[in-house]
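The values are calculated or read from the model by the stated rules, or taken from the named source; none is laboratory data. Since the model is a prediction, treat every value here as computed from it, not as a measurement. When we count neighbours, we look across all protein chains shown, and the Cβ atoms used for this are built from the backbone with ideal geometry, even at glycine. These accessible areas exclude ligands, DNA and RNA; they are computed on the full protein's heavy atoms, side chains included. Shrake-Rupley method; radii C 1.70, N 1.55, O 1.52, S 1.80 Å.
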Amino acid sequence: MAERIINLEVEALAEGGYLATSHDIPGLVAEGRTIAECLEIAQDVARKIIESYMERGDPLPPQLTLESPQKLEICIPVGLP
(Lines give C-alpha, C1' and ligand atoms only; values in the text may rest on other atoms or scores of the structure.)
Protein backbone atom coordinates (compact mmCIF):
# COMPACT_ATOMS: atom_id res chain seq x y z
CA MET A 1 0.00 0.00 0.00
CA ALA A 2 1.42 3.38 -1.02
CA GLU A 3 1.33 6.35 1.31
CA ARG A 4 0.72 9.98 0.44
CA ILE A 5 1.03 13.07 2.56
CA ILE A 6 -2.06 15.27 2.75
CA ASN A 7 -2.36 18.72 4.24
CA LEU A 8 -4.79 19.23 7.10
CA GLU A 9 -6.06 22.42 8.63
CA VAL A 10 -6.76 21.96 12.34
CA GLU A 11 -8.59 24.60 14.34
CA ALA A 12 -9.63 24.85 17.97
CA LEU A 13 -13.37 24.97 18.46
CA ALA A 14 -14.94 27.56 20.79
CA GLU A 15 -16.93 24.86 22.58
CA GLY A 16 -13.79 22.72 23.04
CA GLY A 17 -12.08 20.14 20.91
CA TYR A 18 -10.57 20.45 17.44
CA LEU A 19 -11.78 20.30 13.85
CA ALA A 20 -9.68 19.09 10.91
CA THR A 21 -10.44 19.67 7.22
CA SER A 22 -8.38 19.23 4.06
CA HIS A 23 -8.23 20.94 0.68
CA ASP A 24 -6.41 17.83 -0.61
CA ILE A 25 -9.37 15.50 0.02
CA PRO A 26 -12.74 17.19 -0.50
CA GLY A 27 -15.27 16.14 2.13
CA LEU A 28 -12.72 15.30 4.83
CA VAL A 29 -14.01 16.62 8.15
CA ALA A 30 -12.91 15.21 11.51
CA GLU A 31 -13.53 16.35 15.07
CA GLY A 32 -11.78 15.21 18.25
CA ARG A 33 -11.38 16.18 21.88
CA THR A 34 -7.61 16.53 21.48
CA ILE A 35 -5.40 17.35 18.51
CA ALA A 36 -4.04 13.80 18.54
CA GLU A 37 -7.53 12.30 18.52
CA CYS A 38 -8.61 14.69 15.76
CA LEU A 39 -5.62 13.67 13.59
CA GLU A 40 -6.29 9.97 14.17
CA ILE A 41 -9.93 10.39 13.15
CA ALA A 42 -8.89 12.47 10.11
CA GLN A 43 -6.58 9.67 8.99
CA ASP A 44 -9.42 7.13 9.25
CA VAL A 45 -11.82 9.44 7.38
CA ALA A 46 -9.23 10.02 4.62
CA ARG A 47 -8.76 6.27 4.21
CA LYS A 48 -12.53 5.69 3.96
CA ILE A 49 -12.96 8.49 1.42
CA ILE A 50 -10.15 7.07 -0.72
CA GLU A 51 -11.65 3.57 -0.50
CA SER A 52 -14.97 5.03 -1.66
CA TYR A 53 -13.31 6.69 -4.67
CA MET A 54 -11.68 3.40 -5.62
CA GLU A 55 -14.84 1.29 -5.16
CA ARG A 56 -16.82 3.62 -7.43
CA GLY A 57 -14.00 3.88 -9.97
CA ASP A 58 -13.76 7.65 -9.53
CA PRO A 59 -10.43 9.39 -10.14
CA LEU A 60 -8.49 10.27 -7.00
CA PRO A 61 -8.01 13.93 -6.09
CA PRO A 62 -4.87 15.33 -7.79
CA GLN A 63 -2.92 15.62 -4.53
CA LEU A 64 -3.13 11.86 -4.04
CA THR A 65 -1.69 11.06 -7.46
CA LEU A 66 1.45 13.20 -6.98
CA GLU A 67 4.62 11.82 -5.47
CA SER A 68 5.04 12.50 -1.76
CA PRO A 69 7.78 14.95 -0.80
CA GLN A 70 11.04 13.51 0.48
CA LYS A 71 11.28 16.05 3.30
CA LEU A 72 8.45 17.27 5.49
CA GLU A 73 8.03 20.11 7.91
CA ILE A 74 5.53 19.08 10.57
CA CYS A 75 4.18 20.95 13.57
CA ILE A 76 3.27 18.82 16.57
CA PRO A 77 1.27 19.70 19.68
CA VAL A 78 3.11 19.74 23.01
CA GLY A 79 1.16 19.86 26.26
CA LEU A 80 2.15 22.53 28.76
CA PRO A 81 1.96 22.08 32.54
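Here are some notes:
- Helix axis angle, 35-56 relative to the chain longest principal axis, alpha carbon, degrees: 20 degrees
- Stokes-Einstein diffusion of the chain at 20 °C, 1.002 mPa s viscosity, Kirkwood radius from Cα pairs, rounded to a whole number: 154 µm²/s.
- Within the accessible surface of the chain, defined with a 1.4 Å probe on protein heavy atoms only, the carbon and sulfur portion equals 55 percent.
- Accessible surface ranking for Ile25, Ile41, Ile76, 1.4 angstrom probe, highest first: Ile76, Ile41, Ile25.
- Zone residues, segment 6-50, relative to Cys75, backbone N less than 13 Å from point 7 Å out along Cα-to-Cβ: 8-12
- Per-residue HN-Hα couplings for segment 22-32 [Karplus 6.51, -1.76, 1.60; θ = phi - 60°; Hz; x = Gly/Pro]: 8, 7, 6, 10, x, x, 6, 9, 9, 10, x
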